[in-house]
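This report concerns only the one structure given below.
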Amino acid sequence: MVKQSLPKGFKILKIEKEWQKRWEEIGVYRFDWDDKTRLPFSIDTPPPYPSGEFHMGNVLNWTYFDIVARHKRMKGYNVFFPQGWDCHGLSIEVEVERTYDVKKRDVPPDKFRKWCERTIEKYIAMMKNSTIRLGISVDWSTEYRTMDPEYWKLTQLSFIMLYKKGLIYQGTHPVNWCPRCETAIADAEVDYKQREGTLHYIKFPLENSEEYLLIATTRPELLSACVSVAVHPTDNRYRKYICRKIYVPIANRVVEIIPDEMVEPSFGTGVVMICTYGDKADVKTVFKNKLPVIMILTENGNINEKGGKYAGLSTEEAKKSVVKDLEVSGLLEKTENLQQEIGVCERCGTPVEILERKQWFMKTRMLTDKVVEAANEVKWYPGYMKSRLIDWALSLDWDWVISRQRVFGTPIPIWYCKNCGEIILAEESWVPIDPKIEKPKIEKCPKCGSAEFIAETDVFDTWMDSSITCAVHAGWPNREDWRRLFPADVHPSGIDIIRTWAYYLMVRHLALFKEKPYKSCLINGMVLGADGRKMSKSLKNYVAAPEVLDKYGADAARQWAAAGGATGSDIPFRWADVEYGWRFLIKLWNASRFVSNQLKDFTLEENAEYVLQPLDKWILSKAEKLTKKVTDALEKCQFNIAMEEIRNFTWHVFCDCYIEAAKDRLYKPELYGEEKRKAAQYTLYTVLYRVLHLLAPITPHMTEEIYQMMYAEEKECRSIHLSPWPTPDEKRMDEEAEKHGDLIMAVITEVRREKAEKRMPLNTQIKKLTIYAGGKDTAEIIMEGRRDISGTCKVADIEVVPEEGEGREIKPYGNIRFIAEY
Ligand SMILES: [Zn+2]
Ligand SMILES: [Zn+2]
């Protein structure tokens, strides 16, 4: 018997809040470490970077992870869904610098760190609250922060392991450098932007000659760092100048003209200056030709003393000044405007320079073959995302620079001997440790015996923290059985972070454990504004997630995320889609309320034989097929297909057709007999229960609420989210019943449609309904369902004629027609 009838209305925000609290209280989402009976299913939740904003992109990707988690949990897995926060990194430092109007050097590191921690805690609280509000089924007992020394320990330990494996080195190599943040950054942290630039045509006089070569450059301020001039070896215009000496203006230096295949003869004049460094191509040419390096930039992007009279100027000021001097000396022939693509710092937007400074690197390029091999073993959702990771790995020119000249990061556990420079690596038992505060736990330098050490002040790139999560989540290194949860069953990620998250995880774990970190990778696309453009505040198409959650609640927002488009594709945010989700919840509630009212005197008898009628068999068969389709779609992470199938079935097949057609039988047992009423009750009970289960991963709150009011007592399961996922029952799939039911429903629908078109109430009495079946077989089927037809359509007298005849056509059965007399 159903526990209670549903009330007329519902307050979705109240329902959601109550269940969120209750789920946590009863520990519905706890991973059971001791349970060895159920198979584990581990999700490598990427710890988000708390930015203080919960946007629709977060709603999208979190909904994806959560649907997977809930579906697997119902399928009987012991689901491990951890949650951490990726705290360190440039963007929080940039924000602290802006908020307090300081640069990292202006305050003691301790104080600066405290400010960062305070800011990040505020953001974590906001994000955590939004995650809970969205109904995400993470296990909060696993919560961690990468800024805690407990986590430093793991990052540092992994560094020590890689160091001992020979995969870490220190070297002076050109690196991407953000002059505003004053730190090295990795390739993955460089964004590319189009901008208007100026191409300067500068005369370079040839040595001992009246002739000059014209060079077009956007960066005349780097003339002082020009170490060579290059032309393409097959360029007939310039071949004769190769190996000749040429005078570099401003630098007052003579350099050699060299051949270089990388020169693009059609760009500018086909002659280029090689500066250390203007771009990555310069780096390659300098390396190949063993050219000298002249660094004329300081770490904050100003010209240094090697820039002569321009020393102390910013690059922009230097550019103006150099151009002026070139004009005065008659060496500037002309200038042209140019659309150019430049690399900028991902965190602050400042144009990136290439600088040389001693840095720590991980040897990632030597692992590229292994990364490609492992990427091919991983199951990708959708499949085409695999090439994104592979292409990125193959495109990397440089090893990963893992040191950052910043404050808010995990300290690099290294000291240097003050006397001989020997590198002292921390022992595994020393970590977590901050070398700036603590000395190495040895008396003397093993090489020279000196007892004085200098601490490494650099910190790790934040990806060093977040690229070991698959092992950390599994319990490495503290749990002996950590390999039980490793590799993770799924690593969910955004399309924009494949090149960072998916890649760094892969390369780190392969290096550390010789195994791929995840078995599958689930990719979400980006959220677009209603206008189809990328959602952004400046385009005024931005919608904050709390606004959506306040208005329609989580279950409606989650439907938008699930139904918005194919997994991996970009998904537009439209209010109408959320509203549709909201209307669906109302429909589901009203249908459940109707069912609960009809089931007051019904108790499910396990082995009872119900006298199922054609329409009962029809919908029960369809419900089984739906179960199969939805299960398949969820297994393949095709959330939009699952969502559409369930919504169509619930709204149109169950509510609009079956419930309407069953009403007469439910209301008039004296006419149909108690057994047929019972069959309808059984069908309502079973189909609604099934719908709630299939919907539970997507709309967890509403389904739980209805489940608790109607089924929990009888089913003896404390949450729908812990109750078993339905297996499609092949025996119930009945093609013939479906064929018959479809036909009967088509007749009912068409008659009701005629009433609607004639603006008659649906309960208007039809005196006589004549159906021309156009064949004996169809006539028989319609006869079988004539009670349902006349009951639902309020027909006093029904006649089924086996022949063809005139009348309104019943779609999509062209030869079946009817005439209704009112
Ligand atoms: Zn920057
Ligand atoms: Zn020493």
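Expressed as a whole percent, the accessible surface of the stretch 305-421 that belongs to carbon and sulfur atoms is 47, based on a 1.4 Å probe. Can you send over the carbon and sulfur percentage of the accessible area for the stretch 649-742, probe radius 1.4 Å, protein chains only? Carbon and sulfur atoms account for 49 percent of the accessible area of the stretch 649-742. Summing +1 for each Lys or Arg and -1 for each Asp or Glu among the other residues whose beta-carbon sits under 13 angstrom from that of residue 779 gives -3. Across the stretch 733-822, C-alpha contacts under 8 Å between residues 6 or more apart give a mean separation that, scaled by the residue count, equals a relative contact order of 35 percent. Using a cut-off of 30 Å between Cα atoms, the listed pairs 17/617; 245/358; 165/358; 363/439; 636/678; 14/794 include 17/617; 245/358; 636/678; 14/794 as exceeding that distance. Along the positive direction of the dipole of the chain (beta-carbon charges: Lys, Arg +1; Asp, Glu -1; about the Cα centre), which of 88, 437, 130 reaches farthest? Highest projection toward the positive end goes to 437. The spacing between the stretch 427-484 and the stretch 103-161, judged by their C-alpha centroids, is 18 Å.
About its Cα centre, the stretch 1-145 has a charge dipole of approximately 580 debye under the convention of +1 per Lys or Arg Cβ and -1 per Asp or Glu Cβ, with nothing else charged. Legend: Rg and Dmax of the chain, from Cα coordinates, 35.0, 117 Å. Candidate cross-link partners of residue 519 among the aspartates and glutamates, defined by an alpha-carbon separation under 16 Å and a same-chain spacing of 8 or more, comprise 44, 373, 377, 489, 635. Within a straight-line Cα-Cα reach of under 14 Å, residue 444 can be paired with the following aspartates and glutamates, leaving aside sequence neighbours fewer than 8 residues apart in one chain: 422, 452. Computed over the stretch 704-758, the range of Cα coordinates on each principal axis works out to 48, 31, 16 Å, biggest value leading. Packing-based ranking of 134-140, 101-107, 292-298 yields 134-140, 292-298, 101-107, ordered from highest to lowest mean Cβ neighbour count within 10 Å.
Averaging the sequence gap over all C-alpha pairs within less than 8 Å and six or more residues apart, then dividing by the number of residues, gives the stretch 580-699 a relative contact order of 39 percent. In terms of distances greater than 28 angstrom between alpha carbons, the cross-link table entries 11/676; 600/622; 629/739 yield 11/676. Sorting the segments 168-176, 623-631, 562-570, 325-333 by their residues' average number of neighbouring beta-carbon atoms within 10 angstrom, most packed first, yields 623-631, 562-570, 168-176, 325-333. For each pair in 625/731; 21/715; 103/319, compute the distance between the two Cα atoms and list the pairs where it is over 19 Å. Listed pairs above 19 Å: 21/715; 103/319.
Averaging the sequence gap over all C-alpha pairs within less than 8 Å and six or more residues apart, then dividing by the number of residues, gives the stretch 666-815 a relative contact order of 17 percent. If one takes the longest principal axis of the Cα atoms in the chain, at what angle in degrees, from 0 to 90 and to the nearest 10, does the Cα axis of helix 639-648 lie? Once rounded, the angle reads 20 degrees. Rounded to the nearest 20, the size of the Cβ-charge dipole of the chain about its Cα centre is 820 debye, with Lys and Arg at +1 and Asp and Glu at -1. Looking at the chain, the DSSP beta bridges with both ends there are about 75 percent antiparallel. Which net charge results when you count Lys and Arg as +1 and Asp and Glu as -1 among the other residues whose beta-carbon is under 12 Å from that of residue 354? Result for the local shell: -2. I'd like the carbon and sulfur percentage of the solvent accessible area for the stretch 435-475, probe radius 1.4 Å, heavy atoms only, ligands and nucleic acids excluded. Whole-percent figure for carbon plus sulfur exposure: 52. Rolling a 1.4 angstrom probe over the protein heavy atoms with all chains in place gives the chain an accessible area of 42 Å² per residue.
When the Cα positions of 13, 61, 637 are compared along the charge dipole of the chain, 13 comes out farthest toward the positive end, with charges on each C-beta of Lys, Arg, Asp and Glu. About the centre of its Cα atoms, the stretch 242-400 shows a dipole size close to 360 debye [charges on the beta carbon of Lys, Arg (+1) and Asp, Glu (-1) only; nearest 20 debye]. The percentage of C-alpha pairs in the stretch 690-800 whose separation is greater than 20 Å is 59%. Of the peptides 438-444, 634-640, 402-408, the ranking by mean beta-carbon count within 10 Å, highest at the top, reads 402-408, 634-640, 438-444.
The values are calculated or read from the model by the stated rules, or taken from the named source; none is laboratory data. These figures come from a predicted structure and were not determined experimentally. Cβ sites come from the backbone with ideal geometry, for glycine too, and all protein chains shown count toward neighbours. We work out accessible area using only protein heavy atoms, side chains counted, and drop any ligands, DNA or RNA first. Shrake-Rupley method; radii C 1.70, N 1.55, O 1.52, S 1.80 Å.
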